[in-house]
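These notes are about the structure you will find just below.
The values are calculated or read from the model by the stated rules, or taken from the named source; none is laboratory data. What you see is a predicted model; the values in this text were computed from it and never measured. Quick reminder, even Gly has a Cβ in these numbers, built from the backbone with ideal geometry, and neighbours come from all protein chains shown. Side chains included, ligands, DNA and RNA excluded: accessible areas come from the protein's heavy atoms. Shrake-Rupley method; radii C 1.70, N 1.55, O 1.52, S 1.80 Å.
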Amino acid sequence: MPLRDIALLVVLCLIWAANVLVSREVVTDLAVPPLWYAALRSVVVMAALAPWLKWPGRDWWRVALVTTAVSGGGFALLFVGLQDATASASAIVQLSGAPMTVLLAMMILKEQVRWRRGIGIAMALGGVALAVASPSGWENSAGLLFVFAGALVGALGSVYLKTIELSALRMMAWAGFFSTALLLPLSFALETGQVAASLAAPWELLGALAFSGLVVSVFAHTAYFRILQKNEAGVVAPITLLTPVFTILMGATLANEPVGAVMLAGAALAVAGVLVIAVRPSKTIFKGLLVRPRL
(Lines give C-alpha, C1' and ligand atoms only; values in the text may rest on other atoms or scores of the structure.)
Protein backbone atom coordinates (compact mmCIF):
# COMPACT_ATOMS: atom_id res chain seq x y z
CA MET A 1 0.00 0.00 0.00
CA PRO A 2 1.38 3.47 -0.87
CA LEU A 3 2.63 5.54 2.06
CA ARG A 4 0.14 8.28 1.14
CA ASP A 5 -2.79 5.89 1.57
CA ILE A 6 -1.41 4.63 4.88
CA ALA A 7 -1.07 8.20 6.19
CA LEU A 8 -4.60 9.08 5.07
CA LEU A 9 -5.97 5.93 6.69
CA VAL A 10 -4.31 6.86 9.99
CA VAL A 11 -5.94 10.30 9.78
CA LEU A 12 -9.30 8.63 9.14
CA CYS A 13 -8.81 6.48 12.25
CA LEU A 14 -8.18 9.65 14.26
CA ILE A 15 -11.39 11.17 12.87
CA TRP A 16 -13.46 8.08 13.72
CA ALA A 17 -11.97 7.94 17.22
CA ALA A 18 -12.68 11.64 17.83
CA ASN A 19 -16.28 11.10 16.73
CA VAL A 20 -16.92 8.75 19.66
CA LEU A 21 -15.73 11.40 22.14
CA VAL A 22 -17.67 14.18 20.39
CA SER A 23 -20.83 12.07 20.36
CA ARG A 24 -20.48 11.29 24.05
CA GLU A 25 -20.10 14.99 24.76
CA VAL A 26 -23.34 15.73 22.88
CA VAL A 27 -25.49 13.12 24.64
CA THR A 28 -24.04 13.75 28.11
CA ASP A 29 -22.84 17.34 28.66
CA LEU A 30 -25.21 18.88 26.08
CA ALA A 31 -28.00 16.47 27.13
CA VAL A 32 -29.21 16.02 23.54
CA PRO A 33 -31.45 12.93 23.30
CA PRO A 34 -29.43 10.20 21.54
CA LEU A 35 -32.06 9.13 19.00
CA TRP A 36 -32.65 12.78 18.12
CA TYR A 37 -28.93 13.33 17.62
CA ALA A 38 -28.66 10.20 15.45
CA ALA A 39 -31.64 11.40 13.39
CA LEU A 40 -30.17 14.88 12.88
CA ARG A 41 -26.87 13.33 11.86
CA SER A 42 -28.71 11.25 9.24
CA VAL A 43 -30.46 14.39 7.97
CA VAL A 44 -27.07 16.05 7.45
CA VAL A 45 -25.75 13.04 5.50
CA MET A 46 -28.91 12.84 3.39
CA ALA A 47 -28.83 16.57 2.57
CA ALA A 48 -25.12 16.50 1.68
CA LEU A 49 -25.57 13.51 -0.63
CA ALA A 50 -28.98 14.43 -2.07
CA PRO A 51 -27.72 14.31 -5.72
CA TRP A 52 -27.01 10.58 -5.25
CA LEU A 53 -30.53 9.74 -4.08
CA LYS A 54 -31.51 7.88 -7.23
CA TRP A 55 -34.21 5.31 -6.44
CA PRO A 56 -32.56 1.91 -5.90
CA GLY A 57 -35.35 -0.05 -7.64
CA ARG A 58 -37.54 -2.91 -6.53
CA ASP A 59 -34.95 -4.04 -3.97
CA TRP A 60 -35.37 -0.75 -2.09
CA TRP A 61 -36.55 -2.63 0.99
CA ARG A 62 -33.26 -4.56 1.12
CA VAL A 63 -31.33 -1.30 0.73
CA ALA A 64 -33.43 0.23 3.51
CA LEU A 65 -32.80 -2.60 5.96
CA VAL A 66 -29.08 -3.01 5.31
CA THR A 67 -28.11 0.66 5.13
CA THR A 68 -30.15 1.51 8.22
CA ALA A 69 -28.43 -1.31 10.11
CA VAL A 70 -24.90 -0.16 9.20
CA SER A 71 -25.75 3.52 9.66
CA GLY A 72 -28.56 5.08 11.69
CA GLY A 73 -29.55 1.98 13.64
CA GLY A 74 -26.03 1.19 14.81
CA PHE A 75 -25.25 4.84 15.58
CA ALA A 76 -28.49 5.31 17.53
CA LEU A 77 -27.73 2.37 19.82
CA LEU A 78 -24.14 3.59 20.24
CA PHE A 79 -25.32 7.07 21.23
CA VAL A 80 -27.79 5.61 23.74
CA GLY A 81 -24.96 3.58 25.24
CA LEU A 82 -22.63 6.58 25.41
CA GLN A 83 -24.98 8.23 27.88
CA ASP A 84 -23.62 5.81 30.51
CA ALA A 85 -20.51 4.20 29.02
CA THR A 86 -17.13 5.81 28.49
CA ALA A 87 -15.71 6.27 25.01
CA SER A 88 -12.78 3.96 25.85
CA ALA A 89 -14.94 1.06 26.99
CA SER A 90 -17.32 1.58 24.09
CA ALA A 91 -14.47 1.40 21.59
CA ILE A 92 -13.44 -1.98 22.96
CA VAL A 93 -16.98 -3.37 22.93
CA GLN A 94 -17.41 -2.23 19.33
CA LEU A 95 -14.60 -4.63 18.41
CA SER A 96 -17.12 -7.43 18.98
CA GLY A 97 -18.63 -6.45 15.64
CA ALA A 98 -15.94 -8.31 13.68
CA PRO A 99 -16.33 -11.75 15.31
CA MET A 100 -20.11 -11.37 15.30
CA THR A 101 -20.00 -10.60 11.57
CA VAL A 102 -18.11 -13.83 10.94
CA LEU A 103 -20.42 -15.85 13.19
CA LEU A 104 -23.50 -14.43 11.44
CA ALA A 105 -21.92 -15.15 8.06
CA MET A 106 -21.40 -18.75 9.16
CA MET A 107 -25.08 -19.09 10.06
CA ILE A 108 -26.61 -17.08 7.21
CA LEU A 109 -24.15 -17.31 4.30
CA LYS A 110 -22.54 -20.65 5.22
CA GLU A 111 -19.14 -18.96 5.53
CA GLN A 112 -16.37 -21.51 6.01
CA VAL A 113 -14.23 -20.74 9.05
CA ARG A 114 -11.01 -22.60 9.70
CA TRP A 115 -9.21 -22.93 13.00
CA ARG A 116 -7.17 -19.72 12.72
CA ARG A 117 -10.21 -17.49 12.39
CA GLY A 118 -11.91 -19.57 15.06
CA ILE A 119 -9.09 -18.68 17.43
CA GLY A 120 -9.38 -15.03 16.36
CA ILE A 121 -13.11 -15.03 17.15
CA ALA A 122 -12.47 -16.52 20.60
CA MET A 123 -9.68 -14.00 21.30
CA ALA A 124 -11.79 -11.01 20.21
CA LEU A 125 -14.87 -11.97 22.20
CA GLY A 126 -12.74 -12.99 25.18
CA GLY A 127 -10.93 -9.65 25.11
CA VAL A 128 -14.21 -7.73 25.01
CA ALA A 129 -15.56 -9.79 27.93
CA LEU A 130 -12.36 -9.15 29.91
CA ALA A 131 -12.58 -5.41 29.30
CA VAL A 132 -16.24 -5.30 30.34
CA ALA A 133 -15.49 -7.32 33.47
CA SER A 134 -12.75 -4.89 34.52
CA PRO A 135 -13.64 -2.42 37.32
CA SER A 136 -13.83 0.57 34.99
CA GLY A 137 -15.76 -1.41 32.38
CA TRP A 138 -18.23 -2.95 34.83
CA GLU A 139 -19.26 0.51 36.04
CA ASN A 140 -20.46 1.27 32.50
CA SER A 141 -22.04 -2.13 31.86
CA ALA A 142 -25.59 -0.80 31.34
CA GLY A 143 -24.49 1.54 28.57
CA LEU A 144 -22.18 -1.08 27.10
CA LEU A 145 -25.17 -3.37 26.50
CA PHE A 146 -26.52 -0.79 24.04
CA VAL A 147 -23.06 -0.40 22.48
CA PHE A 148 -22.93 -4.19 22.03
CA ALA A 149 -26.42 -4.16 20.52
CA GLY A 150 -25.27 -1.47 18.07
CA ALA A 151 -22.28 -3.61 17.10
CA LEU A 152 -24.59 -6.59 16.56
CA VAL A 153 -26.94 -4.58 14.34
CA GLY A 154 -23.97 -3.28 12.34
CA ALA A 155 -22.59 -6.82 12.00
CA LEU A 156 -25.91 -8.08 10.68
CA GLY A 157 -26.01 -5.29 8.12
CA SER A 158 -22.40 -5.98 7.10
CA VAL A 159 -23.25 -9.62 6.34
CA TYR A 160 -25.87 -8.56 3.78
CA LEU A 161 -23.89 -5.62 2.37
CA LYS A 162 -22.62 -7.63 -0.60
CA THR A 163 -26.21 -8.10 -1.76
CA ILE A 164 -26.49 -4.35 -2.51
CA GLU A 165 -25.17 -3.18 -5.86
CA LEU A 166 -24.81 0.54 -5.19
CA SER A 167 -21.84 2.88 -5.28
CA ALA A 168 -20.44 4.03 -1.95
CA LEU A 169 -21.96 7.51 -2.25
CA ARG A 170 -25.41 6.21 -3.23
CA MET A 171 -25.28 3.71 -0.38
CA MET A 172 -24.42 6.45 2.13
CA ALA A 173 -27.10 8.74 0.69
CA TRP A 174 -29.81 6.12 1.11
CA ALA A 175 -28.43 5.25 4.55
CA GLY A 176 -29.09 8.86 5.51
CA PHE A 177 -32.57 8.82 3.99
CA PHE A 178 -33.83 5.56 5.49
CA SER A 179 -32.18 6.23 8.85
CA THR A 180 -33.91 9.60 9.02
CA ALA A 181 -37.25 7.99 8.15
CA LEU A 182 -36.81 5.56 11.05
CA LEU A 183 -35.17 7.69 13.73
CA LEU A 184 -37.16 10.93 13.57
CA PRO A 185 -40.53 9.36 14.45
CA LEU A 186 -38.82 7.01 16.90
CA SER A 187 -37.27 9.96 18.71
CA PHE A 188 -40.58 11.80 19.03
CA ALA A 189 -42.24 8.61 20.26
CA LEU A 190 -39.61 7.70 22.89
CA GLU A 191 -37.83 10.94 23.82
CA THR A 192 -38.70 14.39 25.08
CA GLY A 193 -36.99 17.77 25.17
CA GLN A 194 -35.37 17.51 21.74
CA VAL A 195 -35.99 21.12 20.70
CA ALA A 196 -35.08 22.58 24.10
CA ALA A 197 -31.79 20.66 24.22
CA SER A 198 -30.95 21.71 20.66
CA LEU A 199 -31.62 25.39 21.36
CA ALA A 200 -29.67 25.34 24.64
CA ALA A 201 -26.37 24.91 22.81
CA PRO A 202 -27.11 25.42 19.09
CA TRP A 203 -23.58 26.17 17.90
CA GLU A 204 -22.01 23.27 19.75
CA LEU A 205 -24.66 20.93 18.34
CA LEU A 206 -24.24 22.28 14.81
CA GLY A 207 -20.49 21.80 15.09
CA ALA A 208 -20.92 18.23 16.27
CA LEU A 209 -23.39 17.48 13.46
CA ALA A 210 -21.08 19.00 10.85
CA PHE A 211 -18.21 16.88 12.15
CA SER A 212 -20.19 13.64 12.51
CA GLY A 213 -22.26 13.99 9.34
CA LEU A 214 -19.90 15.72 6.91
CA VAL A 215 -16.38 14.94 8.12
CA VAL A 216 -16.93 11.46 9.54
CA SER A 217 -19.52 10.01 7.17
CA VAL A 218 -19.20 11.92 3.90
CA PHE A 219 -15.48 12.74 3.81
CA ALA A 220 -13.94 9.93 5.87
CA HIS A 221 -15.97 7.10 4.41
CA THR A 222 -15.67 8.37 0.85
CA ALA A 223 -11.90 8.48 1.31
CA TYR A 224 -11.99 5.05 2.96
CA PHE A 225 -13.87 3.42 0.08
CA ARG A 226 -11.45 4.97 -2.41
CA ILE A 227 -8.54 3.47 -0.48
CA LEU A 228 -10.33 0.11 -0.57
CA GLN A 229 -10.72 0.37 -4.35
CA LYS A 230 -6.95 0.77 -4.78
CA ASN A 231 -5.70 -1.67 -2.16
CA GLU A 232 -6.45 -5.12 -0.79
CA ALA A 233 -9.12 -5.07 1.90
CA GLY A 234 -7.09 -7.60 3.87
CA VAL A 235 -4.33 -5.00 4.16
CA VAL A 236 -6.57 -1.98 4.74
CA ALA A 237 -8.90 -3.46 7.36
CA PRO A 238 -6.22 -4.25 9.98
CA ILE A 239 -4.96 -0.66 9.91
CA THR A 240 -8.42 0.57 10.93
CA LEU A 241 -7.82 -1.21 14.23
CA LEU A 242 -5.97 1.95 15.19
CA THR A 243 -9.41 3.50 15.73
CA PRO A 244 -10.11 1.85 19.12
CA VAL A 245 -6.48 2.45 20.13
CA PHE A 246 -6.83 6.16 19.38
CA THR A 247 -10.22 6.25 21.13
CA ILE A 248 -8.75 4.80 24.31
CA LEU A 249 -5.81 7.22 24.20
CA MET A 250 -8.09 10.22 23.61
CA GLY A 251 -10.53 9.09 26.28
CA ALA A 252 -7.78 8.71 28.86
CA THR A 253 -5.92 11.94 28.03
CA LEU A 254 -8.64 14.34 26.87
CA ALA A 255 -11.66 13.12 28.83
CA ASN A 256 -9.85 11.75 31.90
CA GLU A 257 -11.62 8.41 31.56
CA PRO A 258 -10.48 5.59 33.87
CA VAL A 259 -8.55 2.98 31.91
CA GLY A 260 -7.17 0.22 34.12
CA ALA A 261 -4.68 -2.54 33.41
CA VAL A 262 -7.40 -5.19 33.04
CA MET A 263 -9.28 -3.10 30.48
CA LEU A 264 -6.06 -2.51 28.52
CA ALA A 265 -5.33 -6.24 28.57
CA GLY A 266 -8.81 -6.96 27.27
CA ALA A 267 -8.39 -4.33 24.56
CA ALA A 268 -5.06 -5.83 23.45
CA LEU A 269 -6.56 -9.33 23.30
CA ALA A 270 -9.61 -8.12 21.37
CA VAL A 271 -7.51 -6.15 18.86
CA ALA A 272 -5.24 -9.17 18.32
CA GLY A 273 -8.28 -11.39 17.75
CA VAL A 274 -9.85 -9.01 15.25
CA LEU A 275 -6.49 -8.73 13.47
CA VAL A 276 -6.45 -12.51 13.01
CA ILE A 277 -9.98 -12.38 11.60
CA ALA A 278 -9.26 -9.45 9.29
CA VAL A 279 -6.25 -10.97 7.54
CA ARG A 280 -7.91 -14.30 6.76
CA PRO A 281 -9.56 -14.64 3.32
CA SER A 282 -13.34 -14.50 2.96
CA LYS A 283 -15.60 -14.87 -0.06
CA THR A 284 -18.84 -13.79 1.58
CA ILE A 285 -17.96 -10.89 3.91
CA PHE A 286 -17.15 -7.38 2.74
CA LYS A 287 -13.93 -6.82 4.70
CA GLY A 288 -14.16 -3.07 4.24
CA LEU A 289 -16.77 -2.93 7.00
CA LEU A 290 -15.54 -5.92 8.98
CA VAL A 291 -13.75 -3.76 11.54
CA ARG A 292 -15.49 -0.54 10.53
CA PRO A 293 -19.17 -1.64 10.58
CA ARG A 294 -20.80 1.79 10.27
CA LEU A 295 -21.30 4.34 7.49
Global form of region 50-119, assessed from the alpha-carbon gyration tensor, a/c cut-off 1.5: oblate
If you add up the charges near Asp5, with Lys and Arg at +1 and Asp and Glu at -1, over every other residue whose beta carbon is less than 12 angstrom from its beta carbon, what do you get? +2
Just check region 170-280 against the gyration tensor rule for me: Cα atoms, a ≥ b ≥ c as the square roots of the eigenvalues, rounded for a/c under 1.5, and otherwise prolate or oblate depending on whether a/b exceeds b/c. oblate
Would you work out what percent of the accessible area of region 121-274, with all protein chains in place, is carbon or sulfur (probe 1.4 Å)? 74 percent
May I ask you to give the average projected area over all directions of the convex hull of the Cα atoms of the chain, in nm² rounded to one decimal? 14.5 nm²
Report the residue, chosen from Phe75, Phe225, Phe178, that carries the largest GNM mean-square fluctuation when the chain is represented by alpha-carbon nodes joined by springs under 10 Å. Phe225
Is any helix in the chain, taking whole DSSP H runs, at least 30 angstrom long along its axis by alpha carbon and on average at least 0.0 on the Kyte-Doolittle scale, and which ones? 3-28, 168-190
Heavy-atom accessible area with a 1.4 angstrom probe orders Thr101, Thr284, most exposed first, as Thr284, Thr101
In this structure, the FRET efficiency calculated for Thr163 and Arg226 from their beta-carbon separation, with R0 = 35 Å, to the nearest 0.05, is 0.95
Keeping every protein chain present and rolling a 1.4 Å probe, give me the accessible area per residue for region 147-254 in Å². 44 Å²
Would you tally the net charge around Leu205, using a Cβ to Cβ cut-off of less than 13 Å, leaving Leu205 out, and scoring K and R as +1, D and E as -1? -2
Below 11 angstrom from the Cβ of Arg24, what's the summed charge of the other residues (Lys, Arg +1; Asp, Glu -1)? -4
Anisotropy class of region 3-132 from Cα gyration tensor, a/c 1.5 cut: oblate
Go through Glu232, Glu25 and list them by solvent-accessible area, largest first, probe radius 1.4 Å. Glu232, Glu25
With all protein chains present and a 1.4 Å probe, the order of Leu166, Leu242, Leu3 from largest accessible area down is Leu3, Leu242, Leu166
Identify which of Ala200, Ala278, Ala50 has the largest mean-square fluctuation in a Gaussian network model of the chain, with springs joining Cα atoms closer than 10 Å. Ala200
